[in-house]
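One structure is given here, and the rest of the page talks about it.
The values are calculated or read from the model by the stated rules, or taken from the named source; none is laboratory data. No experiment lies behind these values; they were computed from the predicted model shown. Because the Cβ atoms are built from the backbone with ideal geometry, glycine has one as well, and the counts that use them run over all protein chains shown.
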Amino acid sequence: MRRPRAILLGLSLAFGAPPAHAQSIVTSAGPDDVDVTIYRAPGRSARTPLDLQWLNGYALISETRRIAIPAGESDIRFEGVAGGILPQSAIVTGFPDGIVERNRDAYLLSANSLIDRSLGRRVHLRRTSSATGAVTEQEAVIRSGADGALVLQTPEGFEALRCTGLRETPIFAQVPAGLSARPTLSVRTRSSRAIAATVTLSYLSSGFDWQANYVANLSADGTRVDLFAWVTLASSDETSFRNADTQAVAGRLNRERVDREEREEANLQLRCWPSLRTHHIPLQSSEPPEGDSRRRNMVMNSPVAVTSVGSEDIVLTGTRIPPPETLGDLKLYRIPEPVTVAANSQKQVAFLEQNGVAVRTLYRQRLDPEEDGSTQRATRVLVTRNRTEEGLGLPLPAGRVQLFALAGGRPILLGEGSLDDRAVGEDVEIVIGEAPGVISRIEDIAWGDDWQDHVLTVTNDSPAPVRYEAEFDVVEGDILRPRARLSRRNGRPLWAVTVPANGTATLRYRLVDSDD
Amino acid sequence: MRAVILLSALLATPALAQNTIPPPSQNAQGDVAVTIYNGDLALVQDTRQLNIPAGRSRQEFPDVSAQIRPETVTLSGAGVGVVEQNFDFDLLSPQALMQKAVGETITLIRTNPATGAEVRERARVLAANGGVVLQIGDRIEVLRDDGLPVRVIFDRVPENLRARPTLSVTVQSEGAGRRPVTLTYLSAGLGWSADYVALFDENAGRMDVQGWITLTNNSGTPFVNANTLLVAGAPGGGNGGYQRRGGPIRQPGTETSDRERLGDFYLYPLPERTTIANRQTKQVSFLDVHATPAARAYEYRNGWLGTTEQPMSANTVLRFSSSREQGLGDALPAGTVRVYQRDARGNPQFVGESAIGHTPMGSDLGLTTGQAFDVKVRAVVERRERVNSERWRTTMRYTLTNARPQPVTVDLMQGGLWGDTRIAEESMASERRSADEALWRVLVPANGEAVVTATFDTRF
């Protein structure tokens, strides 16, 4: 029969230009060795948890594959690359004679693309009788582009598929050239001889993300925490990478907006001619119901490959990540043994366990000194410095922090905060949450032409004294004259005081308007 | 009885035998040359061998770009003059087929659901509004009103219903015979940009750069075995190449590349013919430079009256040149530069990317690839005082920290100084790069910090 070869040959002979090269196709089904480096989503703050349905980070994937390159010109197809591949970023090395070009087709093999790519192709139309089960087959040629239609030419004339009410289906002799089941990058190469080569393919892919997750256990006296941290890696890609050397990179990288050729999953809809029948016509209406007829015209919604992220595996591993290496201006965390970065999954690896980190708890506020009569709750902040003296002294990647304390022998969650990237030597401040029992109140007590006197009162309901700090946002042109001595931080007056157990502290100050 | 009559009527119509389906259509493109510009624009030249009769005839050109701009079509061939051009985009679909068949006669094949027996009838289509109204003999019916299976067979497809948009040209020819005819048109849907892979060796201060041309085809049409030329530029378009302060070109170059030029544009021909499939991304190498000098720098720019609540990472900037003597030695078409560095195991890792515009040869470039984990700047407005009704004094403190084991130099910039701003005091000498901006080159010791203070005397 006139099957694959005939059509291909016919195509290539049809061109006026020199005939397409006698080209062999070599398919490499998957990588032999793979290395995955995951980068965080550029815009996500440390506070925002990973959304497994919507991962905006990315990964650098480097694969090695052993490939038999035939002599002459050939198309090497790398199957099983990540679905989120950014083809522009691909780097291919290891071809002894270099490569001619690299290609990436957006079409995957699907019910859609099979029809969409079959314009002008000869198919077999198979009809099965519902009554007798008898099967008839006839030849047909697809005459329409698939844009909402499938018109076939049969020996009897022109017919539309799926408008008849018969059981009918087109049968294809072959998969149209260049359609793969899985995401594929292909490379055209020219080799002087047949040779086996180890080639490396690297590319960036979207659909990955990672972050650190810290668990801090506060000691009974509140001066130390035992800090433990996970690196949480997540992939929403459809491709799994088995036994991958896996890294995570911290730091902010510049990314540009690039147009990425989305994978083609065109929602092909086959439509028939108008098929309203008399029983669709509603009583007491002179107009045909447009929407109804339109809905019924969609005879077949072809199945769409659903990329569901329904079945995330969440994997915890027992290995420990060593301290990071410096990569340019970034930090690289290396998982010490190969792991599987599975499709649609999240994986956690321990990377830090530091016991007895010295911390202080502060209650902090930024206040408008002109406030009158209102009360505000202070924010609880855990403060330390990223040094060996405090029991830290290693780069801390951004992530969420859970603070626990033991009460009656079981851990109680005190609050949840977050941490931005912190280099060695930096101050580390973790905002844990609002303190319901440390409350400030500002009252007007006296005023004149260009001044006002206020009193700030802080109350503490806990049986222990607390450190309290208030920064004043003084309006430009106003001068704040306190009764007690204030220091400055971030260019703002700062009142730092210890509020006694179950007690209060007060500050009286005058605001003078210097503008006149 | 009637069925028998109708059946014989059908047999009288030109019934097609099994082997008369015309062969599958082939790509009708001839010798194709494609010139692709940056702004979603391509010029397609397609030379086809056509057999044109003498006098007036209508020639069809299937397989032109689906995004053709029909008003830009020109046709040239020996002794051929164009009378008129049509671009048909009425696409073949069951609905269009039925609507065009109104008034025509079609064949129905009814299948008996119980026995599978088939009955053929000829029918005239009266209307196809909402449902299809048919006249069969002397009765009027709605197609498939009873829901039973009915095959509808059309004898032919109307001429102007196309599987793909098709160009047709009516020509006046002086003589008959086969000759080459060249079709030229502009089309949207094709574009290109450059992608650069830069492998930076920080210790050696060197960088290897590969340049790739990335070609995308969303025109809806493959271009087969095309002679392809890329033009670095967008004719008549562009945004003036506007670049913000701190953009990649630090000093535009004045050297001319050895590449072919046309007008203001550099040309990048692909070395051999290639097939550009629809929805394909294709990449071809055009630049490969080894060990060009490159260095890392740090930059931080503070806005006027900017106080940062937390230390902010300084920008990491990769500096290099595109000059012949000390750099890449080429003009760089617009694209994205992706920078890689080797990790402790020697594997290249991605460390950031930056877009560049068309860059002349000899330019100094500074690409911001990201922000440094270990180099941070904290800017604080320490004091702001009104001197008199005209002037303000603003004291800034900049704390620069470096957690790297080597000293680094940070270019610290304070912006927003426009007008007659004076720097009254400063802890180290600044360069005033413009009325707007002061620059301090601050050396921050290894694992240490440096502090810069400055007092500005301003009108605002």
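Things worth noting here:
- Scanning segment A:333-359 for residues that are assigned to a loop (DSSP other than H, G, I, E, B) and over 21 Å from A:L382 (Cα atoms) yields A:I335, A:P336, A:E337, A:P338, A:A342, A:A343, A:N344.
- Tally, over segment A:460-480, of residues that are at pLDDT 90 or above, outside any loop (DSSP other than H, G, I, E, B) and over 42 Å from the mean Cα position of the chain (by Cα): 1
- Being loosely packed, with under 15 Cβ neighbours inside 10 Å, of a type in the set (S, T, Y) and either within 14 Å of another protein chain (Cβ to nearest Cβ) or not in a loop (DSSP other than H, G, I, E, B) (or both) is a description that does not apply to A:T384.
- Test: residue in segment B:273-286 that is within 20 Å of B:G357 (Cβ to Cβ) and either acidic (D, E) or not in a strand (DSSP E or B) (or both): no
- Filtered residue count, segment B:52-100, keeping only those that are buried (at least 17 other Cβ atoms within 10 Å of the Cβ), closer than 18 Å to B:Q29 by Cβ and hydroxyl-bearing (S, T, Y): 1
- Residue in segment A:334-350 that is modelled with pLDDT of 90 or more, crowded, with 17+ Cβ neighbours inside 10 Å, more than 30 Å from A:V455 (Cα to Cα) and not assigned by TED's automatic domain parsing to the domain that holds A:R162 present: yes
- Looking at segment B:187-233, the strands (runs of 3 or more DSSP E) lying wholly inside it that each contain 1 or more residues that are more than 9 Å from chain A (Cβ to nearest Cβ) and touching a His at 6+ places or on another chain (Cβ under 7 Å) sit at B:206-217, B:223-232.
- Yes/no for B:R244 being within 11 Å of chain A (Cβ to nearest Cβ) and either at positive phi or of a type in the set (K, R) (or both): no
- Some residue of segment A:191-208 being crowded, with 23+ Cβ neighbours inside 10 Å and more than 14 Å from every other protein chain (Cβ to nearest Cβ): yes
- For the residues B:R156, B:R164, B:R144, the requirement of being part of a loop (DSSP other than H, G, I, E, B), within 33 Å of the chain's Cα centre (by Cα), at the interface with chain A (Cβ under 8 Å from one of its Cβ atoms) and at pLDDT below 90 singles out B:R164.
- Within segment A:436-453, the set of residues being out of contact with any His (no Cβ under 9 Å at 6 or more places or on another chain) and surrounded by 17 or more Cβ atoms within 10 Å (Cβ to Cβ) comprises A:V438, A:I439, A:S440, A:R441, A:Q452.
- Of the residues making up segment A:235-249, those that are surrounded by 24 or more Cβ atoms within 10 Å (Cβ to Cβ) and assigned to a strand (DSSP E or B) are A:S235, A:F241, A:T246, A:Q247, A:A248, A:V249.
- Residue within segment A:124-139 that is modelled with pLDDT under 80 and in contact with a helix residue (DSSP H, G or I) (Cβ under 8 Å, 6 or more places away or on another chain) present: no
- For segment B:263-271, the criterion of being surrounded by fewer than 16 Cβ atoms within 10 Å (Cβ to Cβ) and facing another protein chain (nearest Cβ under 10 Å) is satisfied by at least one residue.
- For segment B:81-126, a tally of residues being within 36 Å of the chain's Cα centre (by Cα), more than 10 Å from chain A (Cβ to nearest Cβ) and not in a loop (DSSP other than H, G, I, E, B) returns 8.
- Where strands (runs of 3 or more DSSP E) fall entirely within segment B:330-394, those with at least 1 residues that are farther than 22 Å from A:P42 by Cβ are at B:335-342, B:364-386.
- Annotation for segment A:74-88: no member residue is within 8 Å of chain B (Cβ to nearest Cβ) and free of Cβ contacts under 8 Å to residues at least 60 places away in the same chain.
- Residues (in contact with a Pro (Cβ under 8 Å, 6 or more places away or on another chain), touching a residue at least 24 places away in the same chain (Cβ under 8 Å) and over 17 Å from A:L166 (Cα atoms)) located in segment B:111-147: B:A128, B:V132
- Pair list, Cβ < 9 Å and 6+ apart or interchain, from segment A:103-127 residues that are facing another protein chain (nearest Cβ under 7 Å) and of a type in the set (S, T, Y) to residues that are crowded, with 20+ Cβ neighbours inside 10 Å and in a strand (DSSP E or B): A:Y107/B:Q280
- Qualifying residue in segment A:41-53 (condition: within 10 Å of chain B (Cβ to nearest Cβ), part of a loop (DSSP other than H, G, I, E, B) and at pLDDT 85 or above): yes
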